[in-house]
1. So for 227, 350, what's the accessible-area order with a 1.4 Å probe, most first?
2. If you find the alpha carbon centre of region 250-290 and of region 118-185, how far apart are they in angstrom?
3. Only Cα pairs under 8 Å and at least 6 apart count here; give the relative contact order of region 142-275 as a rounded whole percent.
4. If the elastic network links every pair of Cα atoms under 10 Å, which of 416, 166, 239 fluctuates the most in the Gaussian network model of the chain?
5. Please compute the Cα-Cα pair-distance distribution of region 171-242 with 10 Å bins starting at 0, giving whole percents from short to long.
6. Provide 268, 428 ordered by accessible surface of protein heavy atoms (probe 1.4 Å), highest first.
7. Quick check on the chain: of the DSSP beta bridges with both residues there, what percent are antiparallel, nearest 5%?
8. Projecting each Cα onto the charge dipole of the chain (Lys/Arg +1, Asp/Glu -1 at the beta carbon, about the Cα centre), which of 280, 357, 166 comes out farthest on the positive side?
Amino acid sequence: MDWEKYYETHKMSLRDAILSLPSDAVMTAGHAGSEPRALLQAVCDYKEHFKGARLFSIVLMEEAPYCAPCMEGHLRYVTMFNSAGSRNAVKENRADFVPVYYSEVPSYIKNYYKPNVVLIQVSKPDIHGYCSMGCCCDFQRAAIDSADFVLAQVNENQPYVMGDNFVHVTEITHIVEENRPLPVLGAAKIGDVERAIGKNCAALINDGDTLQLGIGAIPDAVLLSLKDKKDLGIHSEMFSDGVAELIDAGVVTNRRKNIDTGMSVATFLMGSQKLYSYINNNPSVAMHPVDYTNNPLIACKNDNLIAINSCIQVDLTGQVTAETIGTAQFSGAGGQVDFVRGANLSQGGKAVIAIPSTASHGRISRIAPVMDLGSAVTTSRYEVDYIVTEYGAASLKGRTLNERAEALIAIAHPDFRESLRQQWLKRF
Ligand code: COA
């Protein structure tokens, strides 16, 4: 088929595209740097059209109008990663949290969520009619293959990102041209604590290792501490400004990776405009679905895989919650367990959970005698490996409960060490 003709005949206005959807649509939306904002805003603007519809997405970049109280009855948001935009809605039971590992999201989409509508943001088509899904590859192919309606916001600002990240124009049922700036993620605030954590993590990383790094100040601080390393590789779920800087500096070469040699691999990304320009048409950055990037059995094929993630609380036996504060669902497991497992299976791999020793302006120790009532264990004490704070690194694997408690107390904030010691002793 002549894809250019198809493109012209399937172009429509936002209004027509949204009003042609079933009123009880089961939708998914792209996220991070590829949030289809015009489509999502139109779903909210025409909310009266929807009754009992659902919308699944993951990393919300800013305000999420579809999580507002006025959407109740029209649309219910569902996620496996609670962000600032959805937190109130989940807390007030106007949105749903579903515990699913990130690597399993494509299978969840196909087998459980079963969307009939997909909202994506894509680049302009190339000469063969392929659009890139840009900054968000994770579950989009699974959703497109399941849905009857594929609505694409074609945005000329969407970078053309390589990898297994394409949709052909003829797979799109509703084409809406809307050029909007991509959401920009501001630089994380890195203070003395984060810098010290970065250095302690960097001490665990050797030349030639392959890295997975999460979002936020700590991963960014780790990246800043790696400037004197050589031949690092990236096999991650996220690709960030910090990684691009290390590629430019010649620190990340991906030369010593066992798979995808020479390429940085990720499944979603967000960052500055500079990052979006960097990845545009860049064959050294490949986006793949999350059941590839985060599959522990694939990630572990890279020897010396170092996974660096963060958490909210760790108890003295090594149980980690990265997702709850007591009973409150703060975020989600995301890809943490996928990569802890991948690193544990990798020859020479290390799974690092890096945290500031305290939270709430120093009032709370993140290393706690027991987990808060109602907490969800994200990484279990059977899988935990290293915990790092600004005071050092505790290696927990193969250690007894007493040895773990001792190692964790040694890296807790000094103000809390004695009380942690006392509470540990009381336990026996
Ligand atoms: N008790 C009470 N409050 C706590 C706490 C604790 N033990 N630990 C953190 N908090 C509070 C902080 O004070 C902060 O509140 P504030 O914003 O009002 O100051 C808030 O919770 C967020 O904590 P912080 O550590 O600053 O969050 P972060 O943005 O660095 O994110 C995680 C940390 C763990 C939530 C985040 O890394 C995450 O969601 N991880 C899970 C998924 C994952 O690892 N995926 C793989 C990589 S994407």
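1. 227, 350
2. Measuring centre to centre over Cα atoms gives 18 Å.
3. Result for region 142-275 is 21 percent.
4. 416
5. All Cα pairs, binned at 10 Å, distribute as 17, 41, 21, 12, 10, 0 percent.
6. 428, 268
7. 25 percent
8. Positive-most Cα among the choices belongs to 357.
The values are calculated or read from the model by the stated rules, or taken from the named source; none is laboratory data. Because the structure is a prediction, the values reported are computed rather than measured. No Cβ is skipped: glycine too gets one built from the backbone with ideal geometry, and neighbour counts run over all protein chains shown. Accessible surface is based on the protein model in full, side chains and every heavy atom, while ligands, DNA and RNA are left aside. Shrake-Rupley method; radii C 1.70, N 1.55, O 1.52, S 1.80 Å.
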